[in-house]
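One structure is given below, encoded as structure tokens.
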Amino acid sequence: MRLNPDSRAWTRAGIALWAIPLGVISVLVARHPAAHSVMPVYHDAAARWWARTDLYGGPDYHYLPHFAILFSPFHALPAAVGDVVWRWLSTGLLAGALWQWVGRDQLAGAPRRFFWASLIGFTLCLPAIRNGQANVLFGALLAHAALRLGRAEWWRALGLLLLAMMIKPLAIVMLLLAGVVYRPLIGRAVVGFVALAGFPFLFGPPAYVLTECRAALVHLGEVSLVTEHRFADLNGLFRTLGHPLTGRWSQMVRAGAGAATLALWWRAASRLREPRRAELLLALSTTYLMVFNPMTELNSYVILAPVLAAYALRFLAEPARRAAGWFLVFALVSMGLGPELFRPWDPQFALWWFPVMALGAISTILASERGAPTGWPGTPGPEETGR
């Protein structure tokens, strides 16, 4: 399809919203690679892997051994170059996922919608991009995986979810939820998990790999009980109110929330057609990860930004759901700009505001999607995708 001049202008404007700040960040990174960056942790992990030393004896490495291997090509480049390439790749995939989500139903209007979706969502993404966080790439992979699920491209969807798990094991949430409804994914997932388990053995001696995999399980179990008041999950809200959930109570609440998320997903999936169903899976999965992961940082909310922006644009185009669309815009903009605006009055503002907005957004989406089955013309229903 050839874009008309007006569409080309919208396309350039949308790309500029991402490219100009990313260009400025690239200059800053080239001058001071370690400033305002978490990437020294990634470099340290890659170096430790190839030196066959303990991955979890370094600073703040909360990932599987797989991530240290995947990051190694960037580590092999000169520091500034590798860090810039990492940011451009992650951001490009995230913007590409947003483009596809807002443009699938009406390609002709995609450039304009992409511009507006980028405008309302980019401020929430910018801090994570600046810091070079893996959350940017992780969020992009989840969004692309949901797109593939909506098209019944099972192997591609599974590959993207497994790659996301190598970045962050939290992707297991979306994979488990997907398997409940997208039944053709189940058998393929068995093969995928075998490949996932075997992956690090291709890049290290078996004894070393086993040691690090065991250490990863122990470490991830320990951080699941974190109690520090610096995370923007549900406990960030409760801690601000002076009533934190600790230890086993915190785990029980997260388990209960997982069961509730599964029930909501099962009920809604039976009514929705594609790609609305896959879009809701992405929204439910990412909201759960933001609100009920005990180590959700403010910059983690980049994971939630693409799907909320896509929903906002769709709802704004439908008169009956316009109010819901404006609420999602408010949620995105307030999370993107609020921390700096309110910092002088409430330094902990974002720790409670972000989970409140995430819960408000998913509640708005679920309420707005209630009713008759909806989908784009020609898209399959549950009976056509293996459910």
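Going by the structure shown, is residue 141 touching a Gly at 6+ places or on another chain (Cβ under 7 Å) and at pLDDT 95 or above?
Working: touching a Gly at 6+ places or on another chain (Cβ under 7 Å): no; at pLDDT 95 or above: yes.
Answer is no for this residue.
Select, from 319, 377, the only residue that is farther than 26 Å from residue 127 by Cβ and at pLDDT 85 or above.
When all the criteria are applied, what remains is 319.
If a residue must be over 30 Å from residue 252 (Cα atoms) and part of a helix (DSSP H, G or I), how many such residues does region 288-333 contain?
Residues flagged as over 30 Å from residue 252 (Cα atoms) and part of a helix (DSSP H, G or I) within region 288-333 amount to 20.
Given the residues 175, 126, 147, 162, which is the only one that is assigned to a helix (DSSP H, G or I) and farther than 28 Å from residue 69 by Cβ? Give the derivation first.
Working: 175 fails: farther than 28 Å from residue 69 by Cβ; 147 fails: farther than 28 Å from residue 69 by Cβ; 162 fails: farther than 28 Å from residue 69 by Cβ.
Every option except 126 fails the conditions.
Would you say residue 261 is within 30 Å of residue 369 (Cα to Cα), modelled with pLDDT of 95 or more and part of a helix (DSSP H, G or I)?
yes
Restricting the first residue to region 321-340 and requiring it to be farther than 15 Å from residue 305 by Cβ, which pairs with a second residue that is not in a helix (DSSP H, G or I) meet a Cβ separation below 9 Å and a spacing of at least six or different chains?
Taking only residues 6 or more apart or on different chains, the pairs are 324/318; 325/317; 325/318.
Count, please, the residues in region 87-108 that happen to be part of a helix (DSSP H, G or I) and either within 16 Å of the chain's Cα centre (by Cα) or free of Cβ contacts under 8 Å to residues at least 12 places away in the same chain (or both).
15
Every residue in region 264-287 that is farther than 26 Å from residue 168 by Cα and in a loop (DSSP other than H, G, I, E, B), please.
Within region 264-287, 270, 271, 272, 273, 274 meet the criteria.
Residue 253: buried (at least 23 other Cβ atoms within 10 Å of the Cβ), in a helix (DSSP H, G or I) and in contact (Cβ under 8 Å) with a residue 24 or more places away in the chain, yes or no?
no
Considering only region 2-83, give the helices (runs of 4 or more DSSP H) lying wholly within it that have at least 1 residues that are modelled with pLDDT under 95, hydrophobic (A, V, I, L, M, F, W, C) and farther than 30 Å from residue 110 by Cα.
Where helices (runs of 4 or more DSSP H) fall fully within region 2-83 and carry at least 1 residues being modelled with pLDDT under 95, hydrophobic (A, V, I, L, M, F, W, C) and farther than 30 Å from residue 110 by Cα, they are 5-31, 39-51.
The values are calculated or read from the model by the stated rules, or taken from the named source; none is laboratory data. All figures in this text were calculated on a predicted structure; none of them were measured in a lab. Cβ atoms come from the backbone with ideal geometry, glycine included; neighbour counts cover every protein chain shown.
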